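Bear in mind that the values in this text are calculations on the coordinates, not laboratory data. Since this is a predicted model, take the numbers as computed values, not measurements. Every residue, glycine among them, receives a Cβ derived from its backbone with ideal geometry; neighbour counts consider all protein chains shown.
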Amino acid sequence: MNALTFTLKTALQQSINCSSLTPDNLSGKSISDIGAIKLVTGKNGLLVCDVFEISGSDTQHLVFKNTSSKLNYIGANMTTGMITIEGNAGAYLGFGMKNGEIHCKGDTAAFSACGMRGGLLKIDGNTGDFLGAGSEGLRKGMLGGTVIVKGNAGDRTGDQMRRGLILIEGNAGDYCGSRMIAGTIGVLGNTGAYTAFNMHRGTLLLKNQPQLHVSMHDCGTHTLPFLNLLFKSFSKYNTEFSKLSSQRVQRFVGDTAYNGNGEILVLGKH
Amino acid sequence: MRGTRVIITAQNHKWAYHAANAMTGFATSVIGCGVEAGIEREMTADETPDGRPGVSILMFAMGSKVLMQQLETRMGQCILTCPTAAAFSGIESEDMISLGKHLRYFGDGFQTSKLIAGKRYWRIPVMDGEFLTEETTGMVRAIGGGNFLILATSQPAALAAAETAIEAMKKVANVIMPFPGGVVRSGSKVGSKYKTMFASSNDAFCPTLKGVTKSELSPDIESVMEIVIDGLTFDDIATSMKVGIEAICALGENSGVKRISAGNYGGKLGPHLFKLHDILKGGAA
């Protein structure tokens, strides 16, 4: 079967909520049924067939082509199947995702992996602010799953993250790991200011020394046995993190301004 | 009976054995020790979850409650305390029991949990660095008390044959021989003349009583050693018995071993019957 393919056929002026276009929702539907689905956009609804050329049949593998950053909520709440985005995606990519896989070959906007609970989200380009964070007003961010970003991430990566794994091969912006509750964030590039601001628990694994605020405390250099297990778990992903092997890190604990017991582990030559 | 397996790793095999020997020490019999436990086998660094040298231990108890309580106690007193030691689950089961789940409180709030590839681990800060333990391990139904007796013309001959059997049986997976060195010299019988004791010396196999008891021993037998086996399945125990008995037989006529027997107990002690002849033929009882 060919992948069910949505090719954007018009330049978008307003953002479109694509949350209804998931393997879960489209399973068992014909192309005409799918074309008749109403999409939320602005004050006027549009049908799927107004926006996309639809081809193929495999509802377990969706492909989006000729995409734009105005396609929001792709893969929202999905529990099965695969979505490939051959280009950029908008905000809230993989929102509340529970299982399955999303692969975006371009950049994404803010709030990717927002409220994610499981599955795998891969972003080949850059991603915006609040990667793996919670929706506005919520007290918990990402609850599970794995996110791999080949490019850079914006500010507030992993804000209030509760569980899961975020791996960023490029740089992360300011407030990386802010208000982090648990989970693991890895960054091979540089991080910005206020890394681990108000961190509660969790692990930030950094290749390069971050700029630290005064309430993150140096606990010295150590060989940590659990890193062997962590690095082994990376081997199934196609990521530069799979090459990590040294268990020797410098450990910073905090955010002590929040009675936090989180840690920043800085890799490198120790 | 319930059983579990734990993988213990350390900086090197020397310290993995220190930890494992402590954990499985005083675990010869469920009667007085709560559990029967022993080292199943040595593991190379490639085989263990954290890539360090290790050993696997098996632990058995009569009932899940005792097993859980003993496992946690021994983890806390023997693995948490042993330099460089770490502990991991060695068996999967629908029934997962605490391995390091409650030990985490020793961290006094400084402990950290990591969920890696679907398994939860606890990192507890200790003076030598960090104690790493998996949160749970599996608990499975198991079988205890398979046994056979070695009847020989002298004590050294009986012991040498037992040692030979144990060396061979150590290579069998899923079993342990929980008594000291794997061998028990004080095999027991059910019942006693004393009302408070439910087990007593198996006088039918005691060589110094040949003339005054209903003895199972021929006049030339001067010593008897028993090997007791606990294992995960009937077939595991049967295999280890076959391996052990064949190793003894390979010693030949001049070894001093005259007969291999087993504790019979009238077939009334326990639901599993290990019939030696069938086992040696390679079939189940």
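For chain A, what does the helix formula give at 222 nm: sum of -39500 (n - 2.57) over DSSP H segments with n ≥ 4, over the residue count, nearest 500 deg cm²/dmol?
Details: 4 runs with 22 residues, N = 270.
That calculation yields -1500 deg cm²/dmol at 222 nm.
Grab the eigenvalues of the alpha-carbon gyration tensor for chain B, scale each by 5, take roots, and send me the semi-axes largest first in whole angstrom.
That gives 38, 19, 17 Å for the three semi-axes.
Taking only Cα atoms and a 10 Å spring cutoff, compute GNM fluctuations for chain A and point out the largest among A:Cys18, A:Cys114, A:Cys176.
It is A:Cys18.
Taking chain A as a Gaussian network, where each spring joins two C-alpha atoms under 10 Å apart, which residue of A:Gly134, A:Gly118, A:Gly81 fluctuates the most?
So, out of A:Gly134, A:Gly118, A:Gly81, the one fluctuating most is A:Gly81.
At A:Thr10 and A:Arg248, where each label point lies 7 Å from the Cα along Cα→Cβ, what is the point-to-point distance in nanometres?
6.2 nm
So for chain B, averaging the separation of alpha carbon pairs under 8 Å that are six or more residues apart and normalising by length, what relative contact order in percent results?
Relative contact order for chain B comes out at 18 percent.
Which percent of Cα pairs goes in each bin when the distances of chain A are cut into 10 angstrom slices starting at zero?
Reading upward from the zero bin: 8, 31, 32, 18, 9, 3, 0.
Give me the Kirkwood hydrodynamic radius of region A:159-257 in Å, from all C-alpha pairs, to one decimal place?
Evaluated on region A:159-257, it is 13.7 Å.
Grab every C-alpha pair in region B:1-41, bin the distances at 10 angstrom width from 0 up to the longest one, and report whole percents.
28, 51, 19, 2
Counting only complete DSSP H runs, which helices of chain B cover 18 Å or more along their long axis at the Cα atoms and score a mean Kyte-Doolittle of 0.5 or above?
Span-like helices here: B:155-169, B:234-249.
For a quick check, take a GNM of chain A with Cα springs below 10 Å and name the residue from A:Glu86, A:Glu136, A:Glu169 with the largest mean-square fluctuation.
Fluctuation is largest for A:Glu136.
Roughly how far apart, in whole Å, are the Cα centres of region A:63-118 and region B:34-60?
About 44 Å separates the Cα centre of region A:63-118 from the one of region B:34-60.
Given the Cα-Cα distance of A:Gln211 and A:Ser135 and 0.36 nm per residue of separation, how much length would full extension add, in nm?
Working: separation 76, 0.36 × 76 = 27.36 nm, distance 2.71 nm.
The A:Gln211-A:Ser135 span can extend by a further 24.7 nm.
Suppose only helical runs count, i.e. DSSP H with n ≥ 4. What mean residue ellipticity at 222 nm does that imply for chain B under -39500 (n - 2.57) per run, divided by all residues and rounded to the nearest 500 deg cm²/dmol?
After summing the helix terms and dividing by the residues of chain B, the value is -6500 deg cm²/dmol.
Using a Förster radius of 60 Å, what is the FRET efficiency between A:Asn238 and B:Ser154 based on their Cβ-Cβ separation? Nearest 0.05, please.
0.35
Bin width 10 Å, alpha-carbon pairs only: give the P(r) of the protein assembly as shown as whole percents, running from 0 to the bin holding the largest distance.
Per 10 Å bin, starting at zero, the Cα-Cα P(r) for the protein assembly as shown comes out as 4, 16, 20, 16, 14, 12, 9, 6, 2, 1, 0 percent.
So what are the three principal axis dimensions of region B:140-273 from its Cα atoms, in whole Å, longest to shortest?
42, 40, 23
What does the structure give for A:223-236 when I average, per residue, the other chain Cβ atoms found within 10 Å of the residue Cβ?
Other-chain Cβ atoms within 10 Å of each residue's Cβ, averaged: 5.
Between B:Val243 and B:Phe198, what is the spin-label point distance in nm, taking each point 7 Å from the Cα along the Cα→C-beta axis?
Going from the B:Val243 label point to the B:Phe198 one covers 3.2 nm.
With every atom except the alpha carbons ignored, what do you get for Rg and Dmax of region B:84-134, in angstroms?
11.1, 35
In debye, nearest 20: dipole of the protein assembly as shown around its Cα centre with unit charges on the Cβ of K, R (+) and D, E (-)?
Roughly 700 debye, rounded to the nearest 20.
Going down the table (A:Lys29/A:Lys232; A:Lys29/A:Lys98; A:Lys29/B:Lys119; B:Lys14/B:Lys258), which pairs top 32 Å between alpha carbons? Let's see the in-between values first.
On the way: A:Lys29/A:Lys232 41 Å; A:Lys29/A:Lys98 21 Å; A:Lys29/B:Lys119 37 Å; B:Lys14/B:Lys258 38 Å.
Going by Cα-Cα distance, A:Lys29/A:Lys232; A:Lys29/B:Lys119; B:Lys14/B:Lys258 fall outside the 32 Å limit.
Distance from the Cα centre of region B:180-234 to that of region A:199-245, in angstrom?
58 Å
Sorted by packing (mean other beta-carbon atoms within 10 Å per residue), highest first, where do B:196-204, B:138-146, B:38-46, B:157-165 land?
Per-residue Cβ counts within 10 Å, averaged per peptide and sorted highest first, yield B:157-165, B:138-146, B:38-46, B:196-204.
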